[in-house]
Number of protein chains: 2
Amino acid sequence: MVSSKDVAKRAGVSQSTVSRVLNASNQVSKTNAEKVTKAMKELNYRPNAIARSLVSKQTKTLALISGPLHNPFFVETTTSIINYANEKGYKTNVFFENAGDNMAVYESVLSMQLDGIILSSIFMEDPIYEELKALNLPFVMFNRKHNKPGHFVEIDNRKAGKLAADHFLELGHKRIGFIGGPLYTSTFHGRCEGFIVKLKEHLSLDDALIHETDTSEKEIREAVLKMMGQKHKPTAIFAATDSIAILAIDVLKELGYDIPDDISICGMDNVRLARHHSFELTTIGQKTEQNLGRLGIEYLIDMLEGNIQEDTPVEVTLEPILYQRKTTCAI
Amino acid sequence: MVSSKDVAKRAGVSQSTVSRVLNASNQVSKTNAEKVTKAMKELNYRPNAIARSLVSKQTKTLALISGPLHNPFFVETTTSIINYANEKGYKTNVFFENAGDNMAVYESVLSMQLDGIILSSIFMEDPIYEELKALNLPFVMFNRKHNKPGHFVEIDNRKAGKLAADHFLELGHKRIGFIGGPLYTSTFHGRCEGFIVKLKEHLSLDDALIHETDTSEKEIREAVLKMMGQKHKPTAIFAATDSIAILAIDVLKELGYDIPDDISICGMDNVRLARHHSFELTTIGQKTEQNLGRLGIEYLIDMLEGNIQEDTPVEVTLEPILYQRKTTCAI
DNA sequence: TCGGGTTTTGAATACGTATTCAAAGTAACG
DNA sequence: CGTTACTTTGAATACGTATTCAAAACCCGA
């Protein structure tokens, strides 16, 4: 490992001088600067980022704690986050939330030296909130949020649920199912609540059609099987994410249903795949092109760079709209 | 920031002793160990990973340089890699290859302090190879590989191309297209070559049906449009990845084609999505359940932990097999 | 109680960089 | 040439931990 000392020796200057040319401080004489640059090249010197961090207290590293990538929503946010962070000179350590036990992940994150955290994996009452606060690092939640105040970027989930309900009601559906969860996350909680509230304004609700699940293929599958196995089947389903909708469609097709002729289905998130001609999934999303991850990372980095005071809360709730495509139709 | 010195002071011992209880060396008296543990808790002490790394020369951090996540193949490998690395106590810094200019990414990677690198983004003649070698870190290539020797995990791409050709030939197809590229990557190079070699054994080849592209939606779209716009259209297409196949299907459906009645299509990688009832994509993959990313990261970590000598080359080439589903049929 | 051996301890140092501070050098000006 | 002001330099130190080494404490048998 070649260090700044080695460079210094070779260039015939002190280590301080080497450090100074590294940091582009223009207080080095031209001749010395050249000598140092030359020596660096000859030795193929690369500054040790670890040592730098130790003194600068900056790691230029962020942690992303994301939902799983088999959900296309997180494919898009992860891509945006990593690429934007990179553009701004930050590295991203990625972690995936772990259905059973997030503590291992959090333990790992908490013990790292980081400049900031962006996460989607928080629950409304998550005790991790306090620990994150205690770290005294900027952190922003995207998609989901915690009940306590903090920086977040979300979509108006309640309103989204209502939109879905409205859509189905307008199409004349009477038996409408819901699949999604867990409900202790702000996303599913809001979507479910808004959906149910709206339905109840016009129909009497059949509890057998409301399926709280997690996001695993297994549970979605089970929910669809149960729902369609009933004597009185639904004619429409609101899947609380596109990921769930796509899994549900897989099962429905396996069972021989035609969509939307036999059953309408509406997702949420407006992921790229929803537009594919093999799906043309009706869904709910925001108007803006930039996804929630991108918005979140922009705010986080703004905070790190001092463009936003950290004590002014970032609380962004986007307006949802319906993207009507071909998986829903009138009854 | 509470340091080991603070803990030492509070516990009434020296910093050395604190360090010793941290590293579970059992050469600390019980009474002192307890005092220190107590002080740590009271102060909510977390060891500074940066400082640790500076002396230990280990960062427990890996870099993953991956293809883009809109390719479902990389969704699966990225998930496997990150999760497995985490299990083994390694953090993963993720980078995505950048169509235009990978140098920014590499520059970032090369300047980090890392324990190892796993990457899919290398070209057969990529000059980055030498720089990676020079870092003197273990690195393994998965999916793609370089022409020069190094650790890699791949599938037999040439054989895969032949399999695809065989499949179409058996089904009686005569005009068979190819979409994929760039051909300076080992994957596309092998697949294309094997495919063409096999075809030529039985047919005269129409160059207008061989489309070298990159992996962008734009180019795939263009290739499909061009191919199907011809006077003599193909009756079958080998898309060199499932990702390309799925994009191609999108365009084909948009153009009104039924699959496989109007045109057969075969992908490669056997990604999860290929099994979806909205695709049921015929494709080529390996037999083993574990994906290439998972295999690669296992080898990498084995090397880091000394379970494999770094100088014994890891060169894994998996056997491809055809997964016949419903996007290909006899003509 | 003493001596030898073993365990436990803390002072000192190293890791590679940034930064402070005082000294040395240089330029400008009268 | 002397003075002042400014630029450039290197020695020393700090960052937070692990580790070495020698000293201290302890244990045990004689």
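No value in this document is a laboratory result; all are computed from the given coordinates. Computed from a predicted model, the values in this text were never measured in an experiment. Using ideal geometry, Cβ is built from the backbone for each residue, glycine included, and neighbour counts are taken over all protein chains shown.
Structure values in brief
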read-out	value
Mean separation of Cα contacts under 8 Å, 6 or more apart, over the residue count of chain B: relative contact order %	17
Shape of the protein assembly as shown, Cα gyration tensor, a/c cut at 1.5	oblate
GNM result for chain A, Cα springs below 10 Å: residue of A:Val94, A:Val271, A:Val36 fluctuating most strongly	A:Val36
³J(HN,Hα) computed for each position of segment B:175-185 - Karplus, 6.51 cos²θ - 1.76 cosθ + 1.60, integer Hz, glycine/proline x	10, 10, x, 10, 10, x, x, x, 6, 8, 9
For segment A:308-317, Karplus couplings with θ = phi - 60° (6.51, -1.76, 1.60), whole Hz, Gly/Pro x	10, 5, 6, 8, 8, x, 9, 9, 10, 10
Copies compared at B:Gln290 - label distances in nm, ascending, label defined 7 Å from Cα in the Cβ direction	4.1
Counting DSSP beta bridges with both ends in chain B, the antiparallel % (nearest 5)	10
Within chain A: Cβ-based charge dipole about Cα centre, in debye rounded to nearest 20 (Lys, Arg +1; Asp, Glu -1)	1520
Amide H partners (placed H, <5 Å) of A:Asn93, local residues excluded	A:Leu62, A:Ala63, A:Leu64
B:Asn44 versus A:Thr288: modelled label distance in nm, points set 7 Å from Cα along the beta carbon direction	3.2
Number of partner chain Cβ atoms within 10 Å, mean per residue of B:46-55	5
Fully extended contour minus Cα-Cα distance, from A:Lys233 to A:Gln15, at 0.36 nm per residue	70.8 nm
Among beta bridges that DSSP assigns inside the protein assembly as shown, antiparallel share in %, nearest 5	15
FRET efficiency, 1/(1 + (r/R0)^6) with R0 51 Å, evaluated for A:Asp101 and B:Tyr184 via beta carbons	0.70
Net length gained if the chain between A:Ser3 and A:Val197 were fully extended (0.36 nm per residue, minus Cα distance)	63.3 nm
For chain B: rounded, prolate or oblate by the Cα gyration tensor [a/c cutoff 1.5]	prolate
Sorted by Cβ neighbour density within 10 Å, fewest at the top, the residues A:Glu222, B:Glu130, B:Glu298	B:Glu130, A:Glu222, B:Glu298
Shape of segment A:142-257, Cα gyration tensor, a/c cut at 1.5	oblate
Placed amide H near B:Val13: partners under 5 Å, 5+ positions off or other chain	none
Amide N proximity, segment A:39-60 versus B:Ala51 label position 7 Å along Cα-to-Cβ, cut-off under 12 Å	A:54-55
Label point 7 Å beyond Cα along the C-beta direction, distances from A:Lys218 to other copies (nm, shortest first)	4.4
Separation in nanometres of the label points that stand 7 Å from Cα toward Cβ, at B:Asp214 and B:Ser111	2.4
Cα centroid separation, segment B:1-45 to segment A:81-119 (Å)	28
Inter-copy separations for A:Glu319, label at 7 Å along Cα-Cβ, nm, ascending	6.0
Set of lysines with alpha-carbon distance to A:Lys145 below 27 Å, sequence-local pairs under 8 removed	A:Lys60, A:Lys88, A:Lys91, A:Lys133, A:Lys159, A:Lys162, A:Lys198, A:Lys200, A:Lys218, A:Lys287, B:Lys91
Amide H within-cut-off set for A:Phe142, under 5 Å, with H built and near neighbours excluded	A:Leu119, A:Ser120, A:Val153
